[in-house]
1. What is the distance, in nm, between label points placed 7 Å from the Cα along the Cα-to-Cβ direction at THR192 and at TYR52?
2. Within the set LYS124/LYS226; LYS141/LYS226; LYS50/LYS226; LYS2/LYS135; LYS5/LYS209, which residue pairs have Cα atoms separated by over 27 Å?
3. Return the percentage of antiparallel bridges among DSSP beta bridges fully within the chain, rounded to the nearest 5 %.
4. Mean separation of Cα pairs under 8 Å and 6+ residues apart, divided by the residue count of the chain: what relative contact order is that in percent?
5. For the chain, give the magnitude of the charge dipole about the Cα centre (Cβ charges: +1 Lys/Arg, -1 Asp/Glu; no others), in debye to the nearest 20.
6. Could you tell me the calculated FRET efficiency between ASP91 and ASP36, based on Cβ-Cβ distance and R0 = 25 angstrom, to the nearest 0.05?
7. Top mean-square fluctuation among LEU185, LEU121, LEU54, Gaussian network model of the chain, C-alpha springs under 10 Å?
8. How much length is gained if the chain between ASP182 and ILE65 is pulled fully straight, taking 0.36 nm per residue apart and subtracting their Cα-Cα distance, in nm to one decimal?
Amino acid sequence: MKPYKAIFLDWDDTIGDWTTAEHKAQQDIYDHYRLDRLYPTFEDYLNAYKPYNLELWGRYGRGEITKDWLHFERFYRPIEGLPVTGDGLRDLAHEMGAEFLRLTNKYFCLIPDADRVVKYLASKYPLTIISNGFKEVQYYKFERAGLASCFAHTLISEEVGINKPQPGIFEIALQRNGITADEALMIGDSYTSDIAGAKAAGIDQLWIKGDGLPVTEETATYIVPKITDIMNIL
């Protein structure tokens, strides 16, 4: 293993359990806004929301759309069939988006053992968070997790003006740490945003791929199934 001088970390679904918070928040959205009028089951609603949301995040990562458009459009498209007149549908989509962020904060939790792993890493390396998440919720999560003091630097894409996987955001992280690309390691769960982005910037990668996922041709410097495996490498 290289003698790394700094570790870069993704947040959502690497440290914070975004998947659980999102699922619970969407269940509340479905129930409160009576989306069974369009979708007979909650799963039907998720099947309409999730692929389009993923597409929008990809476009956001490439700099093709703004945060505000993503935030609005991901709720507007799935509810277009509701019997609402005038600007009511647009207002409803904005309201649902705001409520969704509030609920994801309410249901925030960490990935199991993430607290222990982050504190372990912080005892050995300066840590930098690199996140595409919205700043108004990300900083809340850092503080609520009690981990804010573990991070030497925090890069939120909308604050620096560059999104993952664009190499520029990783280059800013290198500059802030005063190191070169071969002295850093990026840890994340998303191949597209975290691993491919770090590769493009010439940075080694540790991919938390998860158990039971299909075998793919995608590679990384290190691949582990769970976050605690990091401590066997670093």
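1. Each label point lies 7 Å from its Cα, and together they span 1.7 nm.
2. On the way: LYS124/LYS226 20 Å; LYS141/LYS226 21 Å; LYS50/LYS226 24 Å; LYS2/LYS135 32 Å; LYS5/LYS209 24 Å.
Checking Cα-Cα distances, LYS2/LYS135 exceed 27 Å.
3. Working: 1 of 21 bridges.
Among the beta bridges of the chain, antiparallel pairing accounts for roughly 5 percent.
4. Details: 352 pairs, mean separation 59.9, N = 234.
For the chain, the relative contact order is 26 percent.
5. On the way: 25 positive and 35 negative charges, 112 e Å.
Roughly 540 debye, rounded to the nearest 20.
6. Details: r = 21 Å, r/R0 = 0.83.
Once the sixth-power term is evaluated, E becomes 0.75.
7. Most flexible of the set in this elastic network: LEU54.
8. Numbers: separation 117, 0.36 × 117 = 42.12 nm, distance 3.17 nm.
Residue separation times 0.36 nm, minus the Cα-Cα distance, leaves 39.0 nm.
Read the figures in this text as sums done on the coordinates, not as results from a lab. The structure displayed is predicted, hence computed values, not measured ones. No Cβ is skipped: glycine too gets one built from the backbone with ideal geometry, and neighbour counts run over all protein chains shown.
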